[in-house]
Amino acid sequence: MQLIIGRFRAAIIFTSCLLLSSASVARAKGELSVHFPSFPIGRYKLVRPAPDQEDDTKLGKEEWAKGTVTIPAGCKLHLVLNYNGSRNTKLIRQLPSTIIRNLTCKDLEIDDKAVADLCTQTDMVALNLQGIDLTDEGLQAVGKLTKLQKLSICDTLVSEKGLIILQKLPRLEKLNLSRNKLGEGLPEHLKNLKNLRLLDLSGTQLKDKAVNNLPNFERLNVFDLRRNNVTDRCIDSILRYKNLQVVDITDTWISAKAVEKLRALPHLKTIMIRKRMFKPEERARLKKIFTHTKIIDGSREKAVSPDLFAPLH
């Protein structure tokens, strides 16, 4: 009988080891030893957090996320998943929620269920989900990450309706929604983002009404409106952002005459436009007016027809 019980206990221990073989944690003197699979699930860098995630102190060089990774006391991981990581997101659930600070899953085959796994890392301050199979349903899990400062959900299947979860993320400073189909209800979902410094709405099929109804983001430095159906009627709304340093209005219907109004912005450093859309005399006048502001072409494409970049209708 004792032999049978002993074998039963051994079987339980063996099974538990198998379940934790993909990613487990050991603690010693303030350090964490994370045991990833033997194959790399991506690349990581050790960082010592700062109040602003972009000021984090990077320790050492970037390494493959595989095998045993020792995390010193007070440090966290910046992790970039690869294909292996995208197929094994459940291992993220096995880690303490304080380990990953910055997570990138760009252009991977990750669906809503996998996003729920990733969002168990509730201490994250930066999350890049660009180009994944994310829908409004999966976006609900992101609403749990109340410490987020930086979020990219561009090139996904998210709609205007799903963006209501942004009201739960008041610490956001940088938000990229580019190339998602949005609508006139967008401004209501952004009203709680008082700390926003960068807003990318490029290619989101917006019209003047949506831009005019956006909140007055007092800290906004960078505003990207390229490839939208906006006209001169939204220029006065852009002028509300007194701390604006960079504005991108490439491939819009905004005229050179309206661009001239942007000189009222005291901190403006860069204006991005489609130069070929303006007459030579208009470009010359803009250059003369903006003596302390760079006016640059908003695209690196040189050998294609301007029609390819015409505003969306």
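Could you compute the net charge surrounding Leu81? Neighbours are other residues with a C-beta less than 10 Å from the C-beta of Leu81; K and R count +1, D and E count -1.
Here the count lands on +3.
Rg/Rh for the chain stands at 1.09; both radii use Cα atoms, and Rh follows the Kirkwood definition.
Given points 7 Å out from each Cα along the Cα-Cβ axis, report the Asp107 to Asn213 separation in nanometres with one decimal. If labels sit at Asp107 and Asn213, their model points lie 3.5 nm apart.
The label-point distance for Lys279 and Ser33, in a model that sets each label 7 Å from Cα toward Cβ, rounds to 7.4 nm. Pairs from the list Lys90/Lys191; Lys61/Lys161; Lys191/Lys287; Lys45/Lys269; Lys113/Lys168 with a Cα-Cα gap above 30 Å: Lys90/Lys191; Lys61/Lys161; Lys191/Lys287; Lys45/Lys269. Looking at the chain, the DSSP beta bridges with both ends there are about 40 percent antiparallel. Extension gain, Lys261-Thr146: 0.36 nm per intervening residue step, less the Cα-Cα distance, totals 37.7 nm. As a length-normalised measure over Cα pairs under 8 Å and 6 or more apart, the relative contact order of the stretch 188-313 settles at 22 percent. Rounded to the nearest 20, the Cβ-based charge dipole of the chain about its Cα centre (Lys and Arg +1, Asp and Glu -1) stands at 740 debye. Label-to-label distance, Asp297 versus Lys194, with points set 7 angstrom from Cα along the beta-carbon direction: 4.3 nm. Of all DSSP beta bridges confined to the stretch 188-313, the antiparallel ones make up roughly 0%. Here the contact order of the chain, divided by its residue count and restricted to Cα pairs under 8 Å and six or more residues apart, works out to 8 percent. Treating r as the C-beta distance of Lys269 and Asp133 and R0 as 51 Å, the FRET efficiency rounds to 0.85. Both the radius of gyration and Dmax for the stretch 188-313 are 14.0, 42 Å, in that order, over alpha-carbon atoms. Annotation: aspartates and glutamates with alpha-carbon distance below 16 angstrom to Lys144 (same-chain offsets under eight excluded): Asp112, Asp117, Asp123, Asp136.
Annotation: the residues Val222, Val158, sorted from fewest to most other C-beta atoms within 10 Å of their own C-beta, follow the order Val222, Val158. Pairing the Cα long axis of helix 280-289 with the longest principal axis of the chain, what angle in degrees results, from 0 to 90 and rounded to the nearest 10? Roughly 80 degrees, rounded to the nearest 10. Rounded if a/c is under 1.5, else prolate if a/b is larger than b/c, else oblate: which is the stretch 57-214, with a ≥ b ≥ c the root eigenvalues of its Cα gyration tensor? Note, shape of the stretch 57-214 comes out prolate. With a Förster radius of 41 Å applied to the beta-carbon distance between Lys61 and Thr122, the computed FRET efficiency rounds to 0.90.
For the stretch 38-134, what is the convex hull volume of the alpha-carbon atoms per residue, in Å³?
93
Kindly provide log₁₀ I(q)/I(0) values, in the same order as q = 0.16 Å⁻¹, from the Debye equation applied to equal alpha-carbon scatterers of the stretch 252-302. These q points yield log10 I(q)/I(0) values of -0.42.
Taking max minus min of the alpha-carbon positions on each principal axis, the stretch 140-245 gives extents of 38, 28, 19 Å, largest first.
Which part of the stretch 182-218 falls in the paramagnetic zone of Leu239, meaning amide N under 19 Å from the point 7 Å along Cα-to-beta-carbon? Hits in the stretch 182-218 for Leu239 at 19 Å: 208-218.
All of the numbers you see were taken from the coordinates with simple rules; none came from a lab. Note that this is a predicted model, so its numbers are computed, not measured. Neighbour counts run over all protein chains shown; Cβ positions are idealised from the backbone, glycine included.
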